[in-house]
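Quick one: this structure, given as structure tokens, is what I'll be asking you about.
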Amino acid sequence: MDYLMHISDLQGIGLTNELAIAELIGLCSGALDRPVQESMVVLGNMTVGGTLAKLDEFANTLQVCVDAGAKKVLIPASSVVDFQTVPPDLLIKVQPVFYSDPTDAVFKALGAG
């Protein structure tokens with residue numbers, strides 16, 4: 001089954017050249033009628049072409065996730081190198097789930113992979 005998405009600039013502020021992975025997962029969740037895994041936070045952006053963007057302020061972002069009650073955090077694999085910036089006591093509070101591309105993120109968020 002194929003889906004086509006059309007994006008329009010309804011407010012006239014200009015189209016973005018990035019899309020949050022969480023937006024993609026939300027669209028797929030609705031289309032497939034499958035919920036996102038419980039207590040999961042989704043991090044990352046991608047270009048319209050599907051290239052993943054690097055996360056900024058990784059340690060601070062992870063702290064916000066934990067403070068908000070996240071048990072799992074979906075993280076782009078390119079951010080593995082940033083784990084050295086995260087305090088060890090923070091790392092033990094959350095389960096990182098890495099994804100390699102947008103499709104992998106969707107499967108992992110929906111518990112299908």
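Of everything in region 78-102, what is under 16 Å from ILE25 (Cβ atoms) and open to solvent by less than 50 Å² (accessible area, probe 1.4 Å)? Give them in sequence order.
VAL97, TYR99, PRO102
Checking PHE83 against (1) under 18 Å from ALA112 (Cα atoms); (2) more than 16 Å from the chain's Cα centre (by Cα), which single condition isn't satisfied?
(1)
Here's something else I'd like to know. Which is at pLDDT below 95, of a type in the set (A, V, I, L, M) and touching a strand residue (DSSP E or B) at 6+ places or on another chain (Cβ under 6 Å), of VAL73, VAL94?
Of the residues listed, the single one that is at pLDDT below 95, of a type in the set (A, V, I, L, M) and touching a strand residue (DSSP E or B) at 6+ places or on another chain (Cβ under 6 Å) is VAL94.
The values are calculated or read from the model by the stated rules, or taken from the named source; none is laboratory data. The model shown is predicted, which means the values in this text are computed figures rather than measured ones. Please note: Cβ atoms are built from the backbone with ideal geometry, for glycine as well, and neighbour counts cover all protein chains shown. Ligands, DNA and RNA are excluded from the accessible area calculation, which covers all protein heavy atoms including side chains. Shrake-Rupley method; radii C 1.70, N 1.55, O 1.52, S 1.80 Å.
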